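For reference, the structure discussed in these notes is given below.
The values are calculated or read from the model by the stated rules, or taken from the named source; none is laboratory data. Remember, predicted model here, so these are calculated numbers, not experimental data. A quick note on method: Cβ atoms are made from the backbone with ideal geometry, for glycine too, and the neighbour counts reach across all protein chains shown.
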């Protein structure tokens, strides 16, 4: 194994692009592919090599990193008989970093096993800003023997990597964290609307929250809500996808996520209303007239 692995990044969208740039900056050889060829080509100037197909990107790569929209998208790329796993070498590690939920993670792990490729389930906690600065939290799970190969990759992408056990544990932890985040954003939006309805200045409430009782994330989201700034950091369409995955996972183990269940209908309405590409904090504006 080379001192620094060659990495194929499949998916150079909102998260994949900054992650690929971090890898290039760390001195790794990086090949990139995206369904939108222009997105991959845009990384060439930074030092990446654009590939015409997933299999071209992954040929003899040490690490294949998938950062695609959802489980079906990852499966469509990786299950192609003439695709990435067919061109992967015996030492290749598939680093699956997309948020796809439990069922799809298990299916993708099975696909990797059938092709004798080591599979590491490693979704990330964090959005575009942390991806750009290399400060994501990596929720890794998979075979211990892959850690040395992946160390320079994960060190370039994140501020910390937590290994949680066998493949699948990372995706389970990601669902728990994102479910908490969705509930927190809804609670923040409701708090601001409640304050306004009582005749209070919501900005004052934010100042009160910006104290021991407030989450820094919630306070930041609250300030953006009041400004009407819904520039996507974590797009609503992805938040809704993750909330649906959490609800399905909870149902499969007999747990009721009451808070998430209570908000999901209105979030789907916001999505259907064309706000999916805005930040998830847009639910504050969409749920009613601002105070």
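Things to note:
- Count of the stretch 89-133 residues, restricted to those that are under 19 Å from residue 159 (Cα atoms), surrounded by fewer than 24 Cβ atoms within 10 Å (Cβ to Cβ) and in contact with a strand residue (DSSP E or B) (Cβ under 7 Å, 6 or more places away or on another chain), is 3.
- Where residue 176 falls short, out of the listed (1) free of Cβ contacts under 8 Å to residues at least 40 places away in the same chain; (2) loosely packed, with under 15 Cβ neighbours inside 10 Å; (3) under 25 Å from residue 249 (Cβ atoms): (1)
- Within the option set 197, 239, being in contact (Cβ under 8 Å) with a residue 60 or more places away in the chain, buried (at least 20 other Cβ atoms within 10 Å of the Cβ) and not assigned by TED's automatic domain parsing to the domain that holds residue 13 holds for one residue only, 239.
- Filter result for the condition that a residue is without any contact (Cβ under 8 Å) to a residue 40 or more places away in the chain and surrounded by fewer than 20 Cβ atoms within 10 Å (Cβ to Cβ), over 79, 140: 79
- Residues (touching a strand residue (DSSP E or B) at 6+ places or on another chain (Cβ under 8 Å) and part of a helix (DSSP H, G or I)) located in the stretch 163-177: 169, 170, 171, 173, 174, 177
- Test result for residue 120, in contact with a helix residue (DSSP H, G or I) (Cβ under 8 Å, 6 or more places away or on another chain), more than 24 Å from residue 241 (Cβ to Cβ) and either assigned to a helix (DSSP H, G or I) or not assigned by TED's automatic domain parsing to the domain that holds residue 250 (or both): no
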